Amino acid sequence: MKKSPEFSLIQQYFHALTANREDVIVGIGDDCAVLNNPQDFYTAISIDTLVQGIHFFADVDPYRLGIKALAVNLSDLAAMGAEPAWFTLALTLPEINDEWLKQFSAGLADIAQQHRIQLVGGDTTRGPLTITIQVHGHLAKDNILQRNAAQTTDLICVTGCLGDAAAGLQYKLGQLDTAPLTDTDIEYLLQRLEMPTPRNQIGQQLVSKAHAAIDVSDGLLADLNHILHASNKGAKLNLSSLPFSPVLQKLPLKLATQLALTGGDDYELCFTAPAENVAKLKQQFPKMIRVIGEITQDKGMYFQNAQGEWQAFSKIKAGYDHFA
Ligand SMILES: [Mg+2]
């Protein structure tokens, strides 16, 4: 089949908008990109698809959508400690909307430049709005950060704040009681939902200091559970240590806790590391790292309740299920 006339769209809207890296030998415009892999580095690759109506609302701001489409991929590189390098873009569009494309590409360009990642290829097709991005990152060969190496007595940490994006989603769905919130608060929650901030800088530092890491895309409990399962360990979590933003603190504590544990879309990092390394990371990234628990040999997941007693996850899980 012949290529549609939209074939040149990628070149037209995205060509000049990304970082200009020296390791791109041939970029957009030929049949393939040609890339120079640095010596002593592996290539880390990840791909994510966002579909309208499933991963984002039809009315979302296209500039923000451009940011999110790359941010969720950058977050996967962050979780592996890889340095962002290149990405490709496959765009399925219902129509050629010049204004939409300009704004979407502007968002994409802004976050790409911020992370020094260059668009090296792409394709467009006609159909329901769908955005697929594949990212490539450099990973030093001597130290690969995975999910499967958490050690007993490691501290469990998270970056940033949890639950904001989920609160933003509840707002969009008309399910959030906004009485305690100002318009500025709501805009903050929506920004956290629509423009997540991948933690690549921290991720790259984790390579030498953490044992295991993952990015929080599906909710802290689900994602931490991936680490525990892969590492064959358990965890004790201190719920009173969960990092809440000032806005989330205005919501009822129980709701904030539910959102933080099961909400998802945070794109923060959850990692496990020895206490002395956590202390170093806290110095390097002030106020960005919060210890929320400890890795245990016993494979269960336990929470400390308000009375200081340890409860098995399964016993209180029912209370959180409707958010999963
Ligand atoms: Mg991930």
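For segment 193-324, the extents of the C-alpha atoms along the principal axes are 37, 37, 25 Å, listed from largest to smallest. In segment 5-140, the DSSP beta bridges split such that about 70 percent are antiparallel, to the nearest 5. Per residue, the chain exposes 48 Å² of solvent-accessible protein surface, assessed with a 1.4 angstrom probe and all protein chains in place. Axis of helix 253-262 versus longest Cα principal axis of the chain: the two differ by about 50°, to the nearest ten degrees. Amide H contacts under 5 Å for SER46: VAL135, restricted to partners 5 or more places along the chain or on a different chain, H placed in the peptide plane at 1.01 Å from N.
Taking all protein chains in place and a 1.4 Å probe, what share, in percent, of the accessible surface of segment 5-140 do carbon and sulfur account for? Here carbon and sulfur together make up 50 percent of the probe-accessible area. Counted over the chain with a bin width of 10 Å, the fraction of Cα pairs per bin, in whole percents, is 6, 25, 31, 24, 11, 3, 0.
Summed over qualifying helices (DSSP H, 4 residues or more, each -39500 (n - 2.57)) and divided by its residue number, the chain shows a 222 nm mean residue ellipticity of -10500 deg cm²/dmol. The largest accessible area among CYS32, CYS161, CYS270 belongs to the first residue in CYS32, CYS161, CYS270, and the rest follow in falling order (1.4 Å probe, all chains). Comparing GLU268, GLU187, GLU294 in a Gaussian network model of the chain where C-alpha atoms under 10 Å apart are linked, the largest mean-square fluctuation is found at GLU187.
Its convex hull of Cα atoms gives segment 113-210 a direction-averaged projected area, equal to a quarter of the hull surface, of 10.8 nm².
Within a Cβ distance under 15 Å of PHE244, other residues only, what is the Lys/Arg minus Asp/Glu net charge? Here the charged neighbours net out to +1. Projected label points at ASP183 and LYS299, each 7 Å from Cα along the beta carbon direction, are separated by 5.4 nanometres.
In this structure, the residue pairs whose Cα-Cα separation is over 27 Å, taken from LYS172/LYS236; LYS209/LYS233; LYS172/LYS280; LYS254/LYS287; LYS68/LYS233; LYS236/LYS287, are LYS172/LYS236; LYS172/LYS280; LYS68/LYS233.
Cα-based values for segment 5-140, radius of gyration first and Dmax second, are 14.3, 45 Å.
Among 34-44, 245-255, 69-79, how do they line up from the highest to the lowest mean number of other beta-carbon atoms within 10 Å?
69-79, 245-255, 34-44
The values are calculated or read from the model by the stated rules, or taken from the named source; none is laboratory data. It should be emphasised that the depicted structure is a prediction, and the values quoted were computed from it without experimental measurement. Note: ideal-geometry Cβ built from the backbone for every residue, glycine included; neighbour counts use all protein chains shown. For accessibility, only protein heavy atoms count, side chains too; no ligands or nucleic acids. Shrake-Rupley method; radii C 1.70, N 1.55, O 1.52, S 1.80 Å.
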